[in-house]
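K.L.:
Submitted below is the structure of interest, expressed as C-alpha cells.
Just so it is clear, none of the values below were taken in a lab; they were calculated from the coordinates. Predicted model only: the values in this text are computed from it and were never measured. Cβ atoms come from the backbone with ideal geometry, glycine included; neighbour counts cover every protein chain shown.
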Amino acid sequence: MSHHSFQTRLLHNDHKFDPDTGAVSIPVQQASTFHQQDFDHPGAYDYSRSGNPTREALEQTIAELENGTDGYAFASGMAAISTAFMLLSQGDHVVISKDVYGGTFRMIHDVLVRFGIDHTFVDMTDLHDVATSIQPNTKVVYIETPSNPLLNITDIRAVTKLAKANGCLTFVDNTFMTPVLQRPLDLGADLVLHSATKFIAGHSDVVAGLAATNHPEIAERLGFLQNSFGSILGPHDCWLVLRGLKTLHCRITQSSQSALKIASFLQSHPVVEDVYYPGFSSHPGSSTHKYQADGPGAVLSFRLKDEEAVRQFTKQVEIPVFAVSLGAVESILSYPARMSHASMPKQERIDRGITDGLLRLSVGLENPDDLIKDFKQALSHLKQQRLFLNGRMRSEVK
Ligand SMILES: *Cc1c(COP(=O)(O)O)cnc(C)c1O
C-alpha cells in the first residue's frame with residue numbers, strides 16, 4: 001500500500017484490520033505468555049516482553065511511516081532514547097546538541113558517564129563545531145531539530161554526511177516533527193527516536209516511546225537490547241498510540257496552521273519581546289527547515305520581559321493548560337525556566353537563551369481566533385498593569 005500518500009497510509013496500512021477477525025481496530029492482546037503446541041516448533045510469540053501482537057502492530061506501523069525496516073515501542077520516550085544509548089560501549093564518545101531535551105541531557109551527563117561513555121555538547125547548527133568535536137572514539141552524533149525550547153534548526157543531511165565520513169551513526173529525536181513533517185532516515189540518519197507521548201499519541205493520556213531504523217545491524221542489536229533491558233510498552237498503551245496515529249496528519253496540520261497565526265499575532269504585539277518559530281522566514285534556520293521538513297510544526301516560544309510578566313500573563317490566560325509536555329489536542333503553555341529546565345544551573349540556562357521571561361506554547365486544536373483573543377486579553381492586562389504601576393509611581397512622586 002506504499003504507493004498511497006502519507007495521509008492515507010496512516011489509516012490504510014498493513015494494520016488497517018485484524019487478519020483473524022476483520023476487526024477494524026487492532027485487538028489489545030493482554031496475554032503475558034503464549035501456549036506452545038510443540039517444543040520443536042515454537043509459535044510466533046512466546047512471552048510478551050520478547051514479542052506481543054499489539055506491540056508488533058505499532059512497531060511495524062512506525063517503521064513503515066518513518067520509511068524504515070524495523071520499529072520498536074518502549075515504555076516512554078526516555079526508555080527508547082536510553083535503550084538506544086546502550087548500543088554504545090565503555091570508552092565510546094557521543095557528540096550531542098547542547099540544547100537537547102532535559103531528560104536526554106540527564107541520561108548523558110549523569111548516567112552514561114558512570115559507564116565510561118563520554119560526550120561533547122555542541123552547537124549543532126554550527127557544522128564546524130560538530131566537525132571539530134568528533135574524536136576517534138566518537139560513535140554517535142545525536143540531533144534534535146527543531147530544538148527545545150528555542151526551535152533551533154540542525155541540517156540533518158549535512159550532519160549525517162559528516163558523521164558517516166567519520167564512521168559515526170546519527171540518531172535523530174523526531175518528537176517535535178513526527179514522520180508527518182520530517183523523515184530523518186530519508187535524510188541519511190540511522191535511527192529515529194520519538195517521545196510518542198507528544199504528537200504521535202496526541203491526547204495527553206499515554207506515556208510512550210518509539211524507535212525506527214533502516215540499518216540491519218542496528219535493528220538486530222536494538223531488538224536484542226529491547227528484550228534484554230525490557231522497558232517495553234504495554235499492549236493497552238500500544239493500542240492508544242495506534243489510535244492516536246490515525247488522526248496525526250489532521251491534528252498536526254491544523255495545529256501548525258494555528259501556530260503560524262498565533263506566532264504572527266505574538267510577534268506584532270508590543271509587550272512580546274521575541275517569538276521563536278521556524279515558520280517565520282526571519283528565523284535563522286527557516287531555509288534549512290523548509291528543505292528538510294514539510295511544515296513548521298505546532299510548537300513556538302516567546303519572550304516576555306521577566307518573571308513578573310510571565311506570572312501576570314499565566315494568571316490571566318484562560319484557554320491553554322499550564323503544564324509540562326506538548327503535542328496534545330489541547331494547547332499547552334509551559335514555563336521552561338521553572339519546568340523543563342528548572343534543574344539547570346541558572347547561568348547555564350540563561351546562556352542557552354532560556355531566560356525568566358521565556359514561555360513555550362504547543363498549539364492544540366482550539367479555534368486559533370479564540371486563543372488569540374485569550375492571549376490578547378492576558379497581554380493587555382499585563383500592559384495595563386505596567387501603566388497602572390507607572391501611574392501609581394507618578395502619583396507617589398507627587
Ligand atoms: C518529552 C520528550 C522526550 C522524553 O519522552 P518521554 O515520553 O517523556 O519519556 C524526549 N525528547 C523530546 C524532544 C521530548 O519532548
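K.L.:
Cα atoms only: what Rg and Dmax, in Å, come out for the stretch 1-82?
P.N.:
14.7, 43
K.L.:
Which of the listed residues, Tyr276, Pro27, Val207, is farthest toward the dipole's positive end in the chain, when Lys, Arg count +1 and Asp, Glu count -1 at the beta-carbon?
P.N.:
It is Tyr276.
K.L.:
Whole angstrom only: what separates the Cα centroid of the stretch 25-102 from the Cα centroid of the stretch 251-290?
P.N.:
Centre-to-centre (Cα) distance: 35 Å.
K.L.:
Which stretch or stretches of the stretch 238-253 have amide N atoms under 16 Å from the point lying 7 Å from Ser5's Cα along the Cα→Cβ direction?
P.N.:
247-253
K.L.:
Students often check this: by mean Cβ neighbours within 10 Å, which of 31-38, 185-192, 368-375, 289-296 ranks highest, and how do the rest follow?
P.N.:
With the highest mean Cβ count within 10 Å placed first, the list reads 185-192, 289-296, 368-375, 31-38.
K.L.:
Evaluate the Debye formula for the stretch 248-397 with equal point scatterers sitting on the alpha carbons, no solvent, and hand back log10 of I(q)/I(0) at q = 0.09, 0.12, 0.14 Å⁻¹, in q order, two decimals.
P.N.:
Each listed q maps to, in turn, -0.30, -0.53, -0.70.
K.L.:
Here's a follow-up. Most exposed first by the Cβ proxy, i.e. fewest other Cβ within 10 Å, how do Ile62, Ile350 rank?
P.N.:
With the sparsest Cβ surroundings first, the list reads Ile350, Ile62.
K.L.:
Compute, for the chain, the length of the dipole vector about the Cα centre, with Cβ point charges of +1 (Lys, Arg) and -1 (Asp, Glu) only. Units Debye, rounded to 20.
P.N.:
In debye, rounded to 20, the chain gives about 1600.
K.L.:
Apply the Karplus curve 6.51 cos²θ - 1.76 cosθ + 1.60, θ = phi - 60°, to the phi angles in the stretch 101-113 and return the couplings in whole Hz, x for Gly and Pro.
P.N.:
Ordered by residue, 3J(HN,Hα) equals 3, x, x, 6, 3, 5, 4, 5, 7, 10, 10, 4, 4 Hz.
K.L.:
Label points 7 Å out from Cα along the Cβ direction at Phe17 and Lys315: separation in nm?
P.N.:
5.8 nm
K.L.:
Also, I was wondering about something else. Determine, for Tyr276, Tyr142, Tyr47, the number of other Cβ atoms within 10 Å of each Cβ, and report the residues in order from fewest to most.
P.N.:
Fewest-to-most Cβ neighbours within 10 Å comes out as Tyr47, Tyr276, Tyr142.
K.L.:
Next up: Divide by every residue of the chain the summed helix terms, -39500 (n - 2.57) for each DSSP H run of at least 4, and state the resulting mean residue ellipticity at 222 nm, rounded to the nearest 500 deg cm²/dmol.
P.N.:
Mean residue ellipticity, 222 nm, calculated: -11500 deg cm²/dmol.
K.L.:
What does the convex hull of the alpha-carbon atoms of the chain project to on average, in nm²?
P.N.:
22.3 nm²
K.L.:
Collect residues whose amide H, placed 1.01 Å from N in the peptide plane, falls under 5 Å from the amide H of Thr175; neighbours closer than 5 in sequence don't count.
P.N.:
So Thr175 has HN proximity to Ser195.
K.L.:
Using the beta-carbon distance between Ser32 and Phe115 and R0 = 45 Å, what value does 1/(1 + (r/R0)^6) give for FRET efficiency, to the nearest 0.05?
P.N.:
The calculated FRET efficiency here is 0.90.
K.L.:
Mind pulling the angle between the C-alpha long axis of helix 307-316 and the longest principal axis of the chain? Nearest 10 degrees, somewhere in 0 to 90.
P.N.:
It works out to around 80 degrees.
K.L.:
How tilted is helix 248-268 with respect to the longest principal axis of the chain? Cα atoms for both, answer in degrees (0 to 90, nearest 10).
P.N.:
For 248-268 against the chain, the angle is about 20 degrees.
K.L.:
Could you give me the ³J(HN,Hα) list for the stretch 213-224, computed from phi with Karplus coefficients 6.51, -1.76, 1.60 and θ = phi - 60°, whole Hz, x at Gly and Pro?
P.N.:
8, 10, 9, x, 6, 4, 4, 5, 6, 6, x, 4
K.L.:
With the dipole of the stretch 58-111 worked out from charges on the C-beta (+1 for Lys and Arg, -1 for Asp and Glu) around the Cα centre, which of Tyr72, Ile96, His109 lies farthest toward the positive end?
P.N.:
Checked the options; the winner is His109.
K.L.:
Can you give me the long-range amide H partners of Gly230? Hydrogens built in the peptide plane at 1.01 Å from N, cutoff under 5 Å, separation of 5 or more residues or another chain.
P.N.:
Under 5 Å from the amide H of Gly230 lies no amide H from a residue far enough along the sequence or on another chain.
K.L.:
Here is a follow-up. Can you say what percent of the DSSP beta bridges in the chain, counting only those with both residues inside, are antiparallel? Round to 5.
P.N.:
Of the beta bridges lying entirely in the chain, close to 55 percent run antiparallel.
K.L.:
Here's something else I'd like to know. Placing one identical point scatterer on every Cα of the stretch 198-337 and ignoring solvent, what is log10 I(q)/I(0) from the Debye formula at q = 0.09, 0.12, 0.14, 0.18 Å⁻¹?
P.N.:
-0.39, -0.66, -0.85, -1.14
K.L.:
Further question: What FRET efficiency would be calculated for the residue pair Glu348, Phe39, taking the C-beta separation as r and a Förster radius of 51 Å, to the nearest 0.05?
P.N.:
0.35
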